[in-house]
Ligand code: SF4
């Protein structure tokens with residue numbers, strides 16, 4: 001009988017602009033898909049964001065975000081390719097009934113975007129090999145928010161995929177009055193700084209793994225994008241190599257922040 005290889009354990013510690021964060025990671029032997037790294041990365045991002053939140057609260061400010069307020073679930077949420085694959089796998093693992101309900105919600109959202117003349121622009125955004133500038137994104141974000149289109153995963157003003165929601169959904173917290181979020185164009189909200197933007201980091205990780213332009217996919221298009229790129233999602237990497245590459249992206253982003 002061959003002896004099963006044990007998992008390898010690593011203690012991570014990272015100094016973010018909000019303070020130090022740490023995690024113990026257990027890596028399986030052998031090769032894993034890119035989706036394997038997503039939960040760890042989101043955990044690190046949440047730790048860093050919790051430190052930022054503590055700092056803001058300690059300074060006497062109040063976080064306005066609360067359960068039942070879903071104004072930000074009508075914004076254009078960017079999803080990294082590894083998260084798009086993870087979302088697709090999550091939906092594929094649901095009961096037929098729930099899966100069909102989500103697919104109908106997504107189809108409805110895409111139809112509304114199409115009627116508003118936004119769908120082609122968003123598909124271009126998901127597929128382009130040229131990263132969009134902030135100036136190019138601004139009118140798209142505004143047009144999207146003006147539609148007040150609820151996220152396909154929003155149910156009675158609550159996230160129905162809370163544990164699996166994208167990193168971008170975990171990062172937006174505001175100290176401005178909650179009702180400002182209903183009218184962000186005229187009332188720019190005060191958002192907390194994001195110490196580790198995990199969606200960006202996962203997007204950069206995927207670009208190095210796949211050898212392509214970093215991209216972020218609008219959330220309603222994430223499932224169709226993951227469907228079209230399923231062949232790439234069958235690739236796998238040694239777990240330790242994947243972790244090293246992800247940490248490398250974190251350090252690159254942090255070193256850019258520190259050098260500013
Ligand atoms: S995934 Fe959840 S938290 Fe994110 S926009 Fe959709 S409903 Fe809101």
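Each value in this text was obtained by applying a stated rule to the coordinates, not by laboratory testing. All values derive from a computational prediction rather than experimental measurement. Note that we place each Cβ from the backbone using ideal geometry, even for glycine, and neighbour counts take in every protein chain shown.
Some notes on this structure:
- When the chain is treated as a Gaussian network with alpha carbon springs shorter than 10 Å, the biggest mean-square fluctuation among 42, 74, 190 belongs to 190.
- All-pairs Cα distance distribution in the chain, expressed in whole percent, bin size 5 Å: 1, 5, 12, 16, 18, 18, 14, 9, 4, 1, 1, 0, 0, 0
- Computed over region 62-144, the range of Cα coordinates on each principal axis works out to 41, 39, 28 Å, biggest value leading.
- Overall dimensions of region 86-214 by Cα: Rg and Dmax, Å: 16.2, 43
- Using C-alpha pairs under 8 Å with a sequence gap of at least 6, the mean separation divided by the residue count of the chain gives a relative contact order of 32 percent.
- Each of residue 100 and residue 186 was given a label point 7 Å from its Cα along the Cα-to-Cβ line. The distance between the two points is 4.3 nm.
- When both region 90-150 and region 161-208 are represented by their alpha-carbon centers, they are found 17 Å apart.
- When Rg and the Kirkwood radius Rh are both evaluated on Cα atoms of region 1-140, their ratio Rg/Rh stands at 1.03.
- In the elastic network of the chain, a GNM with C-alpha springs shorter than 10 Å, the most mobile of 180, 206, 225 is 180.
- Residue list for region 173-214, given a label point 7 angstrom along the Cα-to-Cβ vector of residue 55 and an amide N cut-off under 20 Å: 173-176, 189-201
- Length released on extending from residue 90 to residue 10, taking residue separation times 0.36 nm less the Cα-Cα span: 26.1 nm
- Size check on region 163-260: the Cα extents along the three principal axes, sorted descending, read 46, 37, 26 Å.
- For residue 231 and residue 252, the FRET efficiency from 1/(1 + (r/R0)^6), where r spans their Cβ atoms and R0 equals 22 Å, is about 0.20.
- q = 0.14, 0.24 Å⁻¹, region 114-186: log10 I(q)/I(0) [Debye, one scatterer per Cα]: -0.61, -1.40
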